[in-house]
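Colleague: This is the structure I want to talk about, given as structure tokens.
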Amino acid sequence: MGRGSTEPGGPEAGLAAVRVRLDIGYDGTGFSGWARQPGRRTVQETLEDALARVLSLPEPAPLTVAGRTDAGVHARGQVAHADIPADCWAAGAPAAVRRLARLLPPDIRVHRAIPAPLGFDARFSAIWRRYAYRVCDDLALADPLARHRTLWHRSGLDIEVMNEAARACLGEHDFAAFCRRREGASTVRTMLRLDWERTGPAVAEATVVADAFCHNMVRALVGALLKVGEGSRPPGWVAQVLAAQARDPAVPVVPAHGLCLEEVGYPADAGLAARATAARRLRTNPKAAPTA
């Protein structure tokens, strides 16, 4: 839906609407995740309510987000969209970002709010998401000021063997072994990048890029690689777990606070609608044998 469209599913039937893209950052420490939950403080509710006030909407416009982060997960480059009545957007757009900055609490910011290109969908048009997970592996050198965004790990880590293990996850695989299954949802994903580097004294940072992620996928992958890095599992263990396509109780799901959604990638404007259509198709196991 683009500028001035009247497609069904907009904020009010028959009323021209503008699809607005929001670029968002937040500290997830004080939120119970992205999605609205009764009686819980969530990013979605906080943003939708603030946007409704700033744009004088008759009711909050539902936000569609690129990645529904869990409780405690941070975001520096989150993207969402909302379909806003055209008259409300025209009246409120010039001051929207500035007014949101005054209204929102200090742990969340909207950095940009602009009309989206035709065919844009914050979730389904995305072609990749990039996450970072930060670990300090020397407690004596841990930075207290970074404790809400860095996991403190008691054992030293060998990132060379962690990177050796991580290479088995690159490409298209069924990541069921590292996901919390959801009824009717595929666990097939394409991993574009998974590696570790030292970014500071006693700090190891994982960069994880895929076309999409299953629930808990990044945190389970990190948990498995930490097992390898501390020496309690061999590098080949990660490939074995992946191939089994079943949750392994030996794979820990690491705490949420070390994880941050850094960036979301989209195709050129001409490819947005096609990408959204393709992303809605249910993906099957690429290595599964064909049925008779």
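The values are calculated or read from the model by the stated rules, or taken from the named source; none is laboratory data. Because the structure is predicted, anything quoted here is derived from the model rather than measured. Positions of Cβ are backbone-derived with ideal geometry, glycine not excepted, and every protein chain shown enters the neighbour counts. For the accessible areas, the whole protein counts, side chains as well, though only heavy atoms, and no ligand, DNA or RNA atoms are used. Shrake-Rupley method; radii C 1.70, N 1.55, O 1.52, S 1.80 Å.
Colleague: Determine ³J(HN,Hα), in whole Hz, for all residues of the range 56-65 in sequence, where each value follows from phi through the Karplus function 6.51 cos²θ - 1.76 cosθ + 1.60 and θ = phi - 60°; x replaces Gly and Pro.
Modeller: Going residue by residue, I get 6, 7, x, 7, x, 8, x, 9, 9, 10 Hz, with x marking Gly and Pro.
Colleague: Return the carbon/sulfur percentage of the accessible area of the chain, one whole number, probe 1.4 Å, all protein chains in place.
Modeller: Percent of accessible area from carbon and sulfur atoms in the chain: 52.
Colleague: Let me ask something else about it. Let me make sure I get this right: for the range 155-292, a, b and c are the square roots of the gyration tensor eigenvalues over alpha carbons, sorted descending. Under 1.5 in a/c it's rounded, otherwise prolate if a/b > b/c, else oblate. Which is it?
Modeller: oblate
Colleague: Shape verdict for the range 85-208, please, from the Cα gyration tensor: rounded (a/c under 1.5), prolate (a/b greater than b/c) or oblate. Please list the in-between numbers first.
Modeller: Working: a/c = 2.92, a/b = 1.44, b/c = 2.02.
Oblate, because a/c is 1.5 or more while a/b does not exceed b/c.
Colleague: Could I ask something else about it? On a C-alpha basis, how far is the centre of the range 235-268 from the centre of the range 142-169 in Å? Whole number, if you could?
Modeller: Taking the Cα centre of the range 142-169 as reference, the centre of the range 235-268 is 13 Å away.
Colleague: Now for a separate question. Could you report the chain's accessible area per residue, 1.4 Å probe, as an integer in Å²?
Modeller: Normalised by residue count, the accessible surface of the chain is 48 Å².
Colleague: Output ³J(HN,Hα) for the range 141-152: one whole-Hz value per residue in order, computed from phi by the Karplus curve 6.51 cos²θ - 1.76 cosθ + 1.60 with θ = phi - 60°, and x for Gly and Pro.
Modeller: 9, 4, 8, x, 6, 9, 5, 7, 9, 9, 7, 8
Colleague: Quick check: convex hull of the Cα atoms in the chain, volume per residue, rounded to a whole Å³? Numbers along the way, then the final one.
Modeller: Values: hull volume 44.4 nm³, N = 292.
Roughly 152 Å³ of hull volume per residue.
Colleague: Sticking with this structure for a sec: Amide H of Ile84 versus every other amide H placed in the peptide plane: which residues, excluding those fewer than 5 positions away on the same chain, fall under 5 Å?
Modeller: Val18, Arg19, Val20
Colleague: Where a ≥ b ≥ c are the square roots of the eigenvalues of the C-alpha gyration tensor, would you call the range 147-233 rounded, which needs a/c under 1.5, or, failing that, prolate if a/b is larger than b/c, or oblate? Before the final figure, lay out the partial values.
Modeller: On the way: a/c = 1.97, a/b = 1.75, b/c = 1.13.
Here the range 147-233 falls in the prolate category.
Colleague: With the crude spin-label approximation of a point 7 Å out along Cα→Cβ, what separation in nm comes out for Ala279 versus Ser155?
Modeller: 3.7 nm
Colleague: Once Lys and Arg get +1 and Asp and Glu get -1 on their Cβ, which of Ile127, Ala224, Ala168 lies farthest toward the positive end of the dipole of the chain?
Modeller: Selected residue: Ile127.
Colleague: Just report the Cα centroid separation between the range 191-234 and the range 32-92, whole Å.
Modeller: If you average the Cα positions of each part, the centres end up 29 Å apart.
Colleague: Can you list residues from other chains, or at least 5 along the same chain, whose modelled amide H is less than 5 Å from the amide H of Arg233?
Modeller: Residues meeting the criterion, in which the H sits 1.01 Å from N, are Val228.
Colleague: Follow-up. Rounded to the nearest 0.05, what FRET efficiency do Arg53 and Arg193 have when you use their Cβ-Cβ distance and R0 = 35 Å?
Modeller: Numbers: r = 39 Å, r/R0 = 1.12.
Calculated transfer efficiency: 0.35.
Colleague: At 222 nm, what value in deg cm²/dmol follows for the chain if DSSP H runs of at least 4 each add -39500 (n - 2.57) and the sum is divided by all its residues, to the nearest 500? Display every interim value, and only then the final one.
Modeller: Numbers: 7 runs with 65 residues, N = 292.
Helix contribution divided over all residues of the chain: -6500 deg cm²/dmol.
Colleague: Could you list which residues have their amide H under 5 Å from that of Thr187, counting only those 5 or more apart in sequence or on another chain, with H placed in the peptide plane?
Modeller: It is none; the list stays empty.
Colleague: Show me, for the range 29-39, the HN-Hα J-couplings you get by feeding each phi into the Karplus relation (A = 6.51, B = -1.76, C = 1.60, θ = phi - 60°), rounded to Hz, glycine and proline as x.
Modeller: 3, x, 10, 8, x, 6, 6, 3, 9, x, x
Colleague: Here's something else I'd like to know. According to a simple spin-label model (label point 7 Å from Cα along Cα-to-Cβ), what is the distance in nm between Ala146 and Trp128?
Modeller: 2.4 nm
Colleague: With a point put 7 Å past each Cα toward its Cβ, work out how far Ala16 is from Leu139 in nm, to one decimal.
Modeller: 6.3 nm
Colleague: So how much slack lies between Leu170 and Arg112, counting 0.36 nm per residue of separation and subtracting their Cα-Cα distance, in nm?
Modeller: Values: separation 58, 0.36 × 58 = 20.88 nm, distance 3.27 nm.
Difference between extended and current length: 17.6 nm.
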